[in-house]
Amino acid sequence: MKVNRLKNKVKSKGEKELYDLLKSLFPVAVIYNNYPAYLITETPNKRLSYDVYMKSFGILFEFDGEHHR
């Protein structure tokens, strides 16, 4: 598994706000942005990613912003 392929990029303003909120609530937690789905699920799609992933809590966030409406 290549961990160096992880990109900690935030795509939208809403995702950044969610990330910032979680970092302020859990300052020592490791929080990933755009975490590759194939690293935690059995998906053949290597391009699929989750918006925010808190590995230590086992929680995924998929932000459904304005671009989904």
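Every read-out reported here was derived from the displayed coordinates using simple, explicitly stated rules and does not represent laboratory data. Please read all numbers here as calculations on a predicted model, not as lab measurements. Note: ideal-geometry Cβ built from the backbone for every residue, glycine included; neighbour counts use all protein chains shown.
Here are some notes:
- Rounded if a/c under 1.5, otherwise prolate or oblate - region 13-67, Cα gyration tensor axes: oblate
- Two-site FRET efficiency, LEU25 against GLU62, from Cβ-Cβ distance with R₀ of 22 Å, rounded to 0.05: 0.75
- Packing-based ranking, highest mean first, of 42-51, 13-22, 28-37 given that Cβ atoms within 10 Å are counted: 28-37, 13-22, 42-51
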